[in-house]
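Engineer: First the structure, which I've put down as structure tokens, then a few questions once you've had a look.
The values are calculated or read from the model by the stated rules, or taken from the named source; none is laboratory data. The structure presented is a predicted model; accordingly, all values stated were derived computationally and were not measured. Positions of Cβ are generated from backbone atoms using ideal geometry, with glycine treated the same way; all protein chains shown enter the neighbour counts. Surface areas here come from the heavy atoms of the whole protein model, side chains and all, with no ligands, DNA or RNA. Shrake-Rupley method; radii C 1.70, N 1.55, O 1.52, S 1.80 Å.
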Amino acid sequence: MVQPIKTVDDCDTTCSGTAVDLNAVKTELINDQAAVQVADWFKAFSDPTRVKIISALLKRELCVHDLTVLLEMGQSAVSHQLRYLRNLRIVKRRKVGKTVYYSLDDTHIEQIFLQTLQHTNHG
């Protein structure tokens, strides 16, 4: 026998919730500022070019020119993406003379990226 589809109104009238203390859960929720920061951080991973840059920087520190060659993109476009990643503290830079070298900001970036990659390959 086919069950009728329940609507939100059905849930409001038939669901009495769980036995969980929602006030206790609410006090442990992420705060608004942290939620925005986490969302912004994940937005950085929503662009394939930025993902490729992070992937390349997992291997070694690289200059903008190296990244333009690897990604087959213009220097301006690569620099723009690096600035975006730097503002979020995903990458850091080191200047030697006129050359700027980029690397991942810390090991957390590497761990999160690799975990995400492992998850996408898991399926």
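Engineer: Which entries of K43/K98; K59/K92; K52/K98 show an alpha-carbon separation above 22 angstrom in the structure shown?
Structural biologist: Listed pairs above 22 Å: K43/K98; K52/K98.
Engineer: Normalised radius of gyration for the chain, please: alpha carbon Rg relative to 2.2 N^0.38 Å, two decimal places.
Structural biologist: For the chain, the normalised Cα radius of gyration is 1.59.
Engineer: Who wins for biggest fluctuation among K59, K98, K43 in a Gaussian network model of the chain, springs between alpha carbons below 10 Å?
Structural biologist: Sorting by GNM fluctuation, first place goes to K98.
Engineer: Mean-square fluctuation check for the chain, GNM, Cα pairs under 10 Å: which of L70, L88, L62 is largest?
Structural biologist: Ranking L70, L88, L62 by mean-square fluctuation puts L70 first.
Engineer: Would you work out what percent of the accessible area of the chain, with all protein chains in place, is carbon or sulfur (probe 1.4 Å)? Please report the intermediate quantities before stating the final value.
Structural biologist: Working: 5250 of 9680 Å².
Here it works out to 54 percent.
Engineer: If R₀ is 22 angstrom, what is the calculated FRET efficiency for the pair Q111 and H80, using the beta carbon separation as r and rounding to 0.05?
Structural biologist: It comes to 0.25.
Engineer: Still on this structure, please answer the following. With +1 on the Cβ of every Lys and Arg and -1 on the Cβ of every Asp and Glu, and nothing else charged, how large is the dipole of the chain about its Cα centre, in debye rounded to the nearest 20?
Structural biologist: Dipole of the chain, to the nearest 20 debye: 1000 debye.
Engineer: How much area per residue is accessible in the range 8-123 when the probe is 1.4 Å and only protein heavy atoms are counted (Å²)?
Structural biologist: 75
Engineer: At H119 and D21, where each label point lies 7 Å from the Cα along Cα→Cβ, what is the point-to-point distance in nanometres?
Structural biologist: Result: 3.0 nm between the two label points.
Engineer: Net charge around D105, counting only other residues with Cβ within less than 11 Å of its Cβ (Lys, Arg = +1; Asp, Glu = -1)? Walk me through the numbers before you get to the answer.
Structural biologist: On the way: positive: R86, R89, K92, R93; negative: D106, E110.
My count for the surroundings of D105 gives +2.
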